[in-house]
Amino acid sequence: MRIKTKLNLGVGLLFLMIIILSLVSGYSVFLIKADTENILKANYNTLEYSRNMILSLDEIKMSTDEKIHTFKEYLGKQTQNVTEPGEKEATASLEKSFSLLEKNGSNETLKTQIRQDIFAIMKLNLDAIKQKSDIAKHTAETANLWIAIVGTLCFLIAFNLLVNLPNNIANPIKELTQSIKEIANKNYSERVHFTNHNEYGDLAKSFNTMAQKLQEYNNSNLYKLFFEKKRLETLINNMHDPIIGLDNEGVILFVNDEALKIIGMKSEDVIGKSASTLALSNDLIRSLILKEEATDSQKKQPMKIFAHGKESYFDKETINITITPTGEEREINIGDVIILRNITLFKELDFAKTNFIATVSHELKTPIASIKLSLQLLQNTKTGDMNDDQKQLVESIKDDSQRLLKITGELLNLSQLETGNIQLNIEKSNPYAIVNYATEAVKVQADQKQIKLIIDADENLQNVKADSEKTGWVLINYLSNAITYSSEKSTIVIKLKEENDQIVFQVIDTGKGIDARYKDKVFDKYFQIPGSQKSGTGLGLAISKEFIEAQNGVIGVESNLGLGSTFWFSLKV
Ligand code: ADP
């Protein structure tokens, strides 16, 4: 039954019962009132008249007496007030006796007869009063019974409403509120269970439909997310580079198969574990999570790891993952992804190239040296005279073979550096002697351009800890470049000074200078400033850097485009 109907019925019925109760009570009071009125009117008055008639009778002495009138008056009223069976006959008898008494007022026998008649009338009325009061009593009892019945019914209905209605209304609301809270907490499987055919039944049906749709929506989203997660996991697993994902507290979230292979652990021993805890027992994990502490030069070094049955090389890249949560402006760090790029193939190719260069340059050195020797023999007059053209040709071949020798020398040096085969012979060396040696070596080249080489140095400088051959090679390279990039008849200053327990070697030219854009790049391998002489290899400064840094020195350049350059390096005393 619907709540509205229930309420209407309950309250309506109660209202009706109250009306019935009022009517029954009113009617009963009316009946009792009628009964008592009837007694008063019909019997009490007769008794009153009778009493007055007896009083008047006692005082009647003769037929002219005034009391006769009084008696007659009450007798007349009694005649009008005959109500009980037998009363009419008794009154008629009284009238008859009274009419005789009117003629003979002192007749005592008649008076006695009249008294008897009056008593008969009084008795009749007293009996009637008794009977009527019994009837009134019965009416009152009936009224009581009815009022009790209707009152009890009212009580039962009210009690029923009181006990059932609040629960009927409040219980489903309570259950619904609880279910709404569950749904708000994302428990979409929650349902309400009141299935009555009333308004709450409709509400429950609508609520359950809504919850089911939310559940379906949620499941479809979850499925999508799960699918996407699987896809990403498969993608990461199929990548050939080892990948490790960490959350912002350093707990490992995912590791692909390649990464598991190189760290030599099982997925279940790694996922969900703290990387720093694992690092205590796993060297590789320790070096992987090593972050800022590493210096620049360490970071650039590829990691050498035994993987795929051989020594492999990996470039480590740590990507910091940040997100901006919905509704917020500030980015937050949610973790890191460590990617190891397998560069073994490139390293192998690099090794092959270095070996090839080393072999070729080494093999070329001997024939070039013999060409140079043959050229010297050719220039010797003992082997015959040459005309001017031939002499020029020989000079040109000599220059080319000199350049070839320089190039093969640089390539050989580079290959030695790359393979780590560089042999340093560091000893206390006189810086002035090194400068002198280098200046002598480039004298011919400088003379060709009529360039003046000036050494600006104190001959009593402290000795420097250096490999004089390698340091000399660097100075020769500096000077050779300075001569190449300076104009004819210019001056190049080779300066030596002592600064903070360091000897600084400077080669100062007034040549074309270096654009600020390329200043940091000139020390890179194979780099040549666009538009510069193509005869070089772009290796000289790179080798110089390696040589100086191998001796714990510092190397650098200051330059102004169009005004000249100062190439320098410093070594400890
Ligand atoms: P290269 O064999 O080409 O000289 P280097 O490594 O010695 O190779 O020099 C790299 C580049 O630096 C050169 O190509 C040149 O452009 C520039 N460079 C070197 N020294 C000087 C200098 N003194 N003045 C101007 N440019 C220079």
Kirkwood hydrodynamic radius of segment 3-171 from all distinct Cα pairs, in Å?
20.0 Å
Rounded to the nearest 500, what is the chain's calculated 222 nm mean residue ellipticity when only DSSP H runs of at least 4 contribute -39500 (n - 2.57) each, over all residues?
-20500 deg cm²/dmol
Expressed in square angstrom to the nearest 10, the accessible area of ARG2 with a 1.4 Å probe stands at 90 Å²
Put +1 on the Cβ of each Lys and Arg and -1 on the Cβ of each Asp and Glu in segment 467-508; which of ASN500, LEU479, SER490 then has its Cα farthest toward the positive end of the dipole?
SER490
Modelled FRET efficiency - R0 51 Å, ASN208 with PHE346, Cβ distances, 0.05 increments
0.20
Lysine pairs in segment 349-418 with Cα distance under 14 Å, only those 8 or more apart or on different chains: how many are there?
4
Taking R0 as 22 Å, what FRET efficiency do you get between GLU59 and SER93 from their Cβ-Cβ distance, rounded to the nearest 0.05?
0.50
Of all the accessible heavy-atom surface of segment 423-572, with the other protein chains kept in place and a 1.4 Å probe, what percent is carbon and sulfur?
45 percent
Assigned charges on the beta-carbon of Lys, Arg, Asp, Glu; the chain dipole about Cα centre (debye)
1220 debye
What's the lysine pair count for segment 109-229 at a Cα cut-off below 29 Å, pairs eight or more apart or interchain?
18
Along the dipole axis of the chain (charges at Cβ: +1 for Lys and Arg, -1 for Asp and Glu; origin at the Cα centre), the most positive-end residue among GLN390, LEU235, HIS308 is LEU235
Per 0.36 nm of contour for each residue apart, how much would the distance between ASN237 and GLU395 grow if the chain were fully extended, relative to their Cα-Cα spacing?
50.4 nm
Accessible surface, the chain, averaged per residue in Å² (probe 1.4 Å)
62 Å²
For the pair ALA433 and ASP515, how long in nm is the line joining their label points, each one 7 Å along Cα→Cβ?
4.4 nm
State the percentage of accessible surface on segment 349-418 attributable to carbon and sulfur atoms; use a 1.4 Å probe and exclude ligands, DNA and RNA.
60 percent
Rounded accessible area of MET386 (nearest 10 Å², 1.4 Å probe):
40 Å²
Applied in sequence order to segment 123-134, the curve 6.51 cos²θ - 1.76 cosθ + 1.60 (Karplus, θ = phi - 60°) yields integer Hz couplings, x standing for Gly and Pro, of 4, 4, 6, 4, 4, 5, 4, 4, 5, 5, 5, 4
In segment 168-188, which residues have a backbone nitrogen under 13 Å from the label point lying 7 Å from ASN221's Cα in the Cα-to-Cβ direction?
184-188
In debye to the nearest 20, the charge dipole size for segment 195-328, taken about the Cα centre with +1 at each Lys and Arg Cβ and -1 at each Asp and Glu Cβ, equals 300 debye
If R0 = 30 Å, then LEU253 and GLU182, at their Cβ-Cβ distance, give a FRET efficiency to the nearest 0.05 of 0.45
What do you get for Rg/Rh of the chain when both radii come from the Cα atoms and Rh is the Kirkwood radius?
1.76
Straight-line reach check, LYS428, cutoff 23 Å on alpha carbons, 8 or more apart in-chain or any other chain, hits among lysines -> LYS465, LYS470, LYS495, LYS497, LYS545, LYS572
Find which of ASN167, GLN80, GLN416 sits farthest along the positive direction of the dipole of the chain, computed with +1 on the beta-carbon of Lys and Arg, -1 on that of Asp and Glu, about the Cα centre.
GLN80
Heavy-atom accessible surface of segment 3-171: percent carbon and sulfur, 1.4 Å
65 percent
Contour minus Cα-Cα span, GLN448 to GLN423, at 0.36 nm per residue, comes to 5.6 nm
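The values are calculated or read from the model by the stated rules, or taken from the named source; none is laboratory data. As the structure is a prediction and not an experimental result, all values here were calculated from the model. Because the Cβ atoms are built from the backbone with ideal geometry, glycine has one as well, and the counts that use them run over all protein chains shown. Quick note on the areas: whole protein, heavy atoms, side chains included, nothing else; ligands and nucleic acids left out. Shrake-Rupley method; radii C 1.70, N 1.55, O 1.52, S 1.80 Å.
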